[in-house]
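Reviewing the structure listed below.
Taken together, the values in this text are just the output of simple stated rules run on the coordinates, not laboratory data. The shown structure was predicted, so the numbers you read here are calculated from the model rather than taken from an experiment. Don't worry about glycine lacking a Cβ; one is built from the backbone with ideal geometry, like all the others, and counts go over all protein chains shown.
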Amino acid sequence: MASLTLASLAASSAAAAKPILVLCEDFDHAAAWAAQGLRRRGVEVDIVCGTDLAAAPQLEHRVGRAGATIEIALASGRRLSSRTVGGVLNRLSFLPSAWMQRIGGPDRDYAVQEMYALYVSWLNSLPGPLFNPPAPQGLCGNWRHPSAWAALAGRAGLPVACYRQTSDVDPTTLWPMPTTAPATLLVVGERVVGQAAGLRHLDDACRRLARAANVRLLGIDFAPGAQGWRFAGASVMPDLTRGGEPLVDALAQELAA
Amino acid sequence: MILLCGIPSESPLAMVAAALDELPADYRMVNQRKVADYDLAVAIDGGTVEGTLRLNGETFRLGEIDAAYIRLMDDRLLPELAGQGDGSPARRHARAFHDTLLRWLEVAPARVVNRCDPQGSNGSKPYQAQLIMQFGLRVPETLITNDPDAVLAFQREHGTLIYKSISGVRSIVQALTENDLARLDLIRWCPVQFQARVPGTDVRVHVVDDEVHATEIVSDTLDYRYARQSGGSAELRAFELDDDTAERCIALTRGLGLLFAGIDLKITPEGEVFCFEVNPCPAFSFYEANTGQPIARALARHLAGVN
């Protein structure tokens, strides 16, 4: 008897309703908060966490003439399928920590590279609005170095303090420590939200920065200085709660688009 | 001025240096083995990039540098640092210099062959395949799975299969044999990439900006890169690519944000063109040495801004 593969199962039961898929780590409170907010607005949301993905017994990712698809059977019996996804809030910056904790032995580095390469590809195959699409340098968007953000932000027209780097400085000290910025604007598609009234004249520059960074969801931090507010960093996986209810409104509208 | 970054004796770098000598064009070698004698300072201010580079007592403004060709090896493996502890001043300086160099080249207003970011797509073959398809080139039918039954169904659908790494880790392409099927359950531990085997002629296409050099490889092995090791042979000769495919290769290279690429094609007996991979840092010297195709000269002219 021919074996029953995930692809054949999914093809035979393609769901009419297409919920928004929220991909996140189990401890991502901002993702859970956004998912709740979307549900309150009547959006059907399907949350798949890192532990779900790490324990998935079956995965099929296909690329070819028919395009690219993903079918994942989760241990709970649920199924993640590119055929039944209406849009994605992607909050995975790296491989699920639950999977990373399970992997060991001499081939660990190879397995991590292989699995990362697979995640970049299957995430890219998800249909609908994707906040954010994966990049080889980060599963929810390119996790850029501060020097690259400084150059992009300056070219986008944001006020940026001069970034300096020399061959005398330990490069590991140049990555910023996670902190809560005094002010944050969040770009969601073409919308800019955030409780930073004195910065709203920078909305267009923020949109340009998100476009240049090839992402649809971007948190842009600002800090006050002697010459006024300046760009202090950007994140492709921002704290969504900083955008408040307007951010959920924007997400709901963009995901429905 | 042009920078050549890497180990001067490495074939591709040496061939480009010789081609620049022949042009002639002004260049300097950033010889990784002499990193102890180098310093670099970069300032990014309002979108502009400035700074200074000191090489062997000469100091240059970064704005003087119009182009760079990067063939860097892992600085941690430099022979000059062998025996040095992890935190030694020499290792710390080498790491800091290389990091600053790459950060600068990533944003420098110069012809950089190639920047790091656009090279990233090569780290995931199926991801890159999705990008390749956007430029009108076919890719082999591919299945990545941890399910042995799915592999068997895929094999029934497509016949002979090959398997290879998903990531940029180099692996020898292997045909899926009866012996492999006997251990297929092992894929439950880590998904594996399987592809329908595409018959035909292997063609490597080197694209330099809008210039194309195609090389046909006639080999009796599945992976011609390892023909000698596996007791087989590989014969290389210049190949005339049709205009449409050449244009697609140029568009694909540009679309990936690359100035130079090595594109692996297979042309079937029916004339269908499949694209397997885009190598963003191709060791073109192997192809030039075997065919005489002037790839280094094309690269040198591009770096020098000569049309």
Radius ratio Rg over Rh of the stretch A:84-160, counting only Cα atoms, Kirkwood formula for Rh: 1.09
Using the crude model of +1 on Lys and Arg Cβ and -1 on Asp and Glu Cβ, and no other charge, please compute the dipole size for the stretch A:95-218 relative to its Cα centre, in debye to 20. 420
Within 10 Å of each Cβ in B:35-44, how many Cβ atoms from other chains are there, averaged over the peptide? 4
What is the diffusion coefficient of the stretch B:65-220 in µm²/s, taking the Kirkwood radius over Cα pairs and the Stokes-Einstein relation at 4 °C with a viscosity of 1.567 mPa s? 67
Inter-part gap, Cα centre of the stretch A:195-246 to Cα centre of the stretch B:274-307, in whole angstrom, is 42
Would you compute, for the Cα atoms of the stretch B:260-306, the largest minus smallest coordinate along each principal axis and list the three values in descending order, in whole Å? 40, 21, 18
Restricting everything to alpha-carbon atoms, can you work out Rg to Rh for the stretch A:26-175 with a Kirkwood hydrodynamic radius? 1.03
Need the C-alpha centroid separation for the stretch B:55-88 versus the stretch A:163-189, integer Å. 25
Put in order of increasing Cβ neighbours within 10 Å, starting from the fewest, A:49, A:206 give A:49, A:206
Which of the trypsin sites (Lys or Arg not before Pro) found in the stretch B:154-228 are loop residues per DSSP with 11 or fewer other Cβ atoms within 10 Å of their Cβ? B:170, B:183, B:228
Fraction of antiparallel bridges per DSSP, the protein assembly as shown only, in percent to nearest 5: 75
Once Rh is set to the Kirkwood radius over Cα pairs, what Stokes-Einstein translational diffusion coefficient, in µm²/s, holds for chain B at a temperature of 25 °C and a viscosity of 0.890 mPa s? 115
log10 I(q)/I(0), Debye, Cα-only the stretch B:29-146, no solvent, q = 0.10 Å⁻¹? -0.45
How big is chain A by Rg and Dmax over its Cα atoms, in Å? 19.7, 74
Kirkwood hydrodynamic radius, computed over distinct alpha-carbon pairs, for the protein assembly as shown: how many Å, to one decimal? 25.6
The longest stretch of chain A containing none of the GluC sites (Glu not before Pro) that sit in a DSSP loop with at most 15 other Cβ atoms within 10 Å is A:45-189
Gyration tensor (alpha-carbon) shape descriptor, the stretch B:18-91, a/c threshold 1.5: oblate
In peptide A:145-152, what is the residue-averaged number of other protein chain Cβ atoms found within 10 Å of each Cβ? 6
What order, most packed first, do the peptides A:192-199, B:233-240, B:255-262 have when packing is the mean number of other Cβ atoms within 10 Å of each residue? B:255-262, A:192-199, B:233-240
Based on the Kirkwood radius over alpha-carbon pairs, what value in µm²/s does the Stokes-Einstein equation return for the translational diffusion coefficient of the stretch A:153-257 at 37 °C and 0.692 mPa s? 227
Which of A:127, A:179, A:138 sits farthest toward the positive end of the charge dipole of chain A, with +1 on the Cβ of Lys and Arg and -1 on the Cβ of Asp and Glu? A:127
Scattering profile of the stretch B:197-307 at q = 0.14, 0.23 Å⁻¹ [log10 I(q)/I(0), Debye over alpha-carbon scatterers]: -0.55, -1.38
